[in-house]
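Okay, structure first, notes after.
The values are calculated or read from the model by the stated rules, or taken from the named source; none is laboratory data. The shown structure was predicted, so the numbers you read here are calculated from the model rather than taken from an experiment. With ideal geometry, Cβ positions are generated from the backbone for all residues, glycine too; neighbour counts draw on all protein chains shown.
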Amino acid sequence: MDDTRHIRAKSGTNLGGASAHNRRVMIDALRLNGALSRADLARATRLTPQTVSNIIEELSRDGLVMSLDTVRKGRGQPATPYGLVPEGAFAIGLQIDRHVTRAIVVNLVGDVLAKMEANLPPGGPTEGVKVVLDLIAWARRALCERVPEAEERLVGLSIAMPGPFGISAPYGEPWAMTAWQAFPLLETIAAGTGLEVVLQNDAAAASTAEKMLGAAHGVDHAICIFLGYGLGAGLIVNGEPYGGAYGNAGEIGMILALSPEQGGGIGSLETFASIASLCKALDLDPADPNLFDLIADAVARADPKVEDWIGKAADRLRWTVQMLESVFDPQTIILCGGAPRSLIDRLIERMQPLLPSVAERPGRYPEARLQAGLADPWAVALGAAAEPISRAFDPRFSAILKARPASGHMFRS
């Protein structure tokens, strides 16, 4: 094994009273890099070898870390690598969208163990919450059938749905799901499941999925532009999700600008760059269960209506990327969403060349200012499932302070 291997990890602290943070740092290092020896972990996290050994023993007793086959390094003693135990923790993610709800179950390393979706009835949250609770119950049964003792290691449930949250401005319609937001959703789900429940917007959930399994893996400063029914951005700052004061950070779809198409009037960005606007251009029903495939087919055929939409959306997104780079100075921007990868790729292609910004610099990591991310109808549910894992095990300043999560609103039963 190469002793000069570059290992990505945050710094731990050897001061007393920070053991919880150090546990998170070690778990995060193992998730980012795979199996590591105690020496590797000490060097990467800047913790003393004794502190690393103590935490390894503690994590092993808790069923979160396991030793793997030893590896010989040159003439010295063989090193024992340690890796995460996938069955060390489980979480459930739930997406509630305008026409459908999806549930997904993941383990500690992000493997998908079960997933299922159901159509939401037209009666709004009063009827829809019954479908949601049934879906969660199904997910728990599916998990326990696969891992009988999993219920004891279920760390939480996260719900993702479109924002913005708690606004009164009329331009929030029809994008915001105001009826669902007015409903006591967290209290109802927590009471019906007995789980700790967190609510976040769908773009934030998508960024969590990218951080755990996608293009933002190992990146501390990234922005994920999420192309869904509306348009949003998930912000990753210093390796942590940033939700803002009221959970509405990244609601870029609400950005207003002059619109030549509307006779010089003012229009929001997602009026031109969203799945809703694409459905309008193609005369498609957003509730069609085959919508993903229909859009993919239209892109493959280079349908003139799709090409026209791509041109208009790409033009506005090009300016949006420049603005986000200027304000947040991210390492990279990721375009992702519940849309076909072919559509994401075409948008990125049409957005070139990107406008000059502070992001233009030599020796960039990642090299690309703008790149494609997860393109899957299940991306939001996957990110929602990753959130409880991240909240329980990722290093974050709010965890040290025992503060409320930065990514959304929480309710404990």
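Could you list all residues from segment 205-236 that are among the hydrophobic types (A, V, I, L, M, F, W, C) and part of a strand (DSSP E or B)?
Going residue by residue through segment 205-236, those that are among the hydrophobic types (A, V, I, L, M, F, W, C) are 205-206, 209, 212-213, 215-216, 219, 222-227, 231, 233, 235-236.
Passing the criteria: A222, I223, C224, I225, F226, L227, L231, A233, L235, I236.
Taking the stated definitions as given, is D28 closer than 17 Å to D394 by Cα and touching an Asp or Glu at 6+ places or on another chain (Cβ under 6 Å)? Outline the logic, then answer.
Values: closer than 17 Å to D394 by Cα: yes; touching an Asp or Glu at 6+ places or on another chain (Cβ under 6 Å): yes.
In short, yes.
Out of the residues in segment 281-292 that are at pLDDT 95 or above and in a helix (DSSP H, G or I), which is nearest to E270 (Cα to Cα)?
A281
If you go through segment 308-316 one residue at a time, do you hit one that is closer than 20 Å to L382 by Cα and either β-branched (V, I, T) or assigned by TED's automatic domain parsing to the domain that holds R102 (or both)?
Checked against the condition, which is being closer than 20 Å to L382 by Cα and either β-branched (V, I, T) or assigned by TED's automatic domain parsing to the domain that holds R102 (or both), segment 308-316 yields no hits at all.
I'd like the residue in segment 75-109 that is farther than 16 Å from A160 by Cα, surrounded by fewer than 20 Cβ atoms within 10 Å (Cβ to Cβ) and touching a residue at least 60 places away in the same chain (Cβ under 8 Å) and, out of all such residues, is nearest to the chain's Cα centre (by Cα).
Among those that are farther than 16 Å from A160 by Cα, surrounded by fewer than 20 Cβ atoms within 10 Å (Cβ to Cβ) and touching a residue at least 60 places away in the same chain (Cβ under 8 Å), it is V109.
Say whether the condition of being outside any helix (DSSP H, G or I), at positive phi and modelled with pLDDT of 95 or more is met by at least one residue in segment 314-336.
Within segment 314-336, the subset outside any helix (DSSP H, G or I) is 329-336.
So of that shortlist, the ones also at positive phi come out as 329.
Those still in the list that are modelled with pLDDT of 95 or more too: 329.
Yes, the conditions are met somewhere in segment 314-336.
Is it the case that some residue within segment 203-222 is under 22 Å from F393 (Cα atoms) and free of Cβ contacts under 8 Å to residues at least 60 places away in the same chain?
Filtering segment 203-222 down to residues under 22 Å from F393 (Cα atoms) leaves 203-222.
Narrowing the set further to residues that are free of Cβ contacts under 8 Å to residues at least 60 places away in the same chain leaves 203.
Yes: segment 203-222 contains one or more residues that are under 22 Å from F393 (Cα atoms) and free of Cβ contacts under 8 Å to residues at least 60 places away in the same chain.
Suppose the filter is out of contact with any strand residue (DSSP E or B) (no Cβ under 7 Å at 6 or more places or on another chain), acidic (D, E) and at pLDDT below 70; does D28 pass it? Walk me through how you get there before you give the answer.
Working: out of contact with any strand residue (DSSP E or B) (no Cβ under 7 Å at 6 or more places or on another chain): yes; acidic (D, E): yes; at pLDDT below 70: no.
Spelling it out, it is not the case that D28 is out of contact with any strand residue (DSSP E or B) (no Cβ under 7 Å at 6 or more places or on another chain), acidic (D, E) and at pLDDT below 70.
What are the pairs with Cβ atoms under 9 angstrom where one residue, in segment 359-370, is loosely packed, with under 14 Cβ neighbours inside 10 Å and the other, located anywhere, is assigned to a loop (DSSP other than H, G, I, E, B) and not hydrophobic (A, V, I, L, M, F, W, C)? Sequence gap at least six, or different chains.
E360/R369; R364/Q331; Y365/Q331
What residue, of L278, L282, L294, is of a type in the set (A, V, I, L, M) and buried (at least 23 other Cβ atoms within 10 Å of the Cβ)? Lay out the reasoning, then the answer.
Values: L282 fails: buried (at least 23 other Cβ atoms within 10 Å of the Cβ); L294 fails: buried (at least 23 other Cβ atoms within 10 Å of the Cβ).
Unique residue meeting the criteria: L278.
Condition check: closer than 14 Å to A204 by Cβ, modelled with pLDDT of 90 or more and touching a Cys at 6+ places or on another chain (Cβ under 7 Å). Does A379 satisfy that?
Numbers: closer than 14 Å to A204 by Cβ: yes; modelled with pLDDT of 90 or more: yes; touching a Cys at 6+ places or on another chain (Cβ under 7 Å): yes.
Answer is yes for this residue.
Assess whether A118 counts as being free of Cβ contacts under 8 Å to residues at least 24 places away in the same chain and assigned to a strand (DSSP E or B). Outline the logic, then answer.
Working: free of Cβ contacts under 8 Å to residues at least 24 places away in the same chain: yes; assigned to a strand (DSSP E or B): yes.
Against the criterion (free of Cβ contacts under 8 Å to residues at least 24 places away in the same chain and assigned to a strand (DSSP E or B)), A118 qualifies.
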